[in-house]
Amino acid sequence: MNFCVHSMMYGFYFISGLGVKVPAIFKNIITFVQFFQMICGFTVIVLATIYSEWFAKDNFAVFFVFGMYGSYVYLF
């Protein structure tokens, strides 16, 4: 999923860098897909925290991942 989102995003940057006018709808689609990826990733982490014995016991991993997604929300 991350590869797909970044391929779209950097492909858009590349084409825009060549001076090609890209319709604004593509910006909206890329933004939506990035947001959807963030929601999916956060959901996986919450479910892993609830249902995974290893992940729930590893406080560093839990705080790191929530901190990472928190920074994504802040930057987004």
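The values are calculated or read from the model by the stated rules, or taken from the named source; none is laboratory data. Since we're looking at a predicted model, the values are computed, not measured. Cβ atoms come from the backbone with ideal geometry, glycine included; neighbour counts cover every protein chain shown. Each accessible area value is taken on the protein alone, full model and side chains, heavy atoms only, with ligands, DNA and RNA left out. Shrake-Rupley method; radii C 1.70, N 1.55, O 1.52, S 1.80 Å.
Identify all residues within the range 58-68 that are under 21 Å from F3 (Cβ atoms) and open to solvent by less than 40 Å² (accessible area, probe 1.4 Å); write none if there are none.
Matches in the range 58-68: V65 only.
Which one is farthest from Y10 (Cα to Cα), of the residues in the range 47-57 that are in contact with a helix residue (DSSP H, G or I) (Cβ under 9 Å, 6 or more places away or on another chain) and open to solvent by less than 100 Å² (accessible area, probe 1.4 Å)?
A56
Could you list, in sequence order, all residues of the range 12-41 that are open to solvent by 90 Å² or more (accessible area, probe 1.4 Å), in contact with a Phe, Trp or Tyr (Cβ under 8 Å, 6 or more places away or on another chain) and within 19 Å of Y72 (Cα to Cα)?
Across the range 12-41, the qualifying residues are K27, F35.
Would you call M9 open to solvent by 50 Å² or more (accessible area, probe 1.4 Å), among the hydrophobic types (A, V, I, L, M, F, W, C) and touching a residue at least 12 places away in the same chain (Cβ under 8 Å)?
No.
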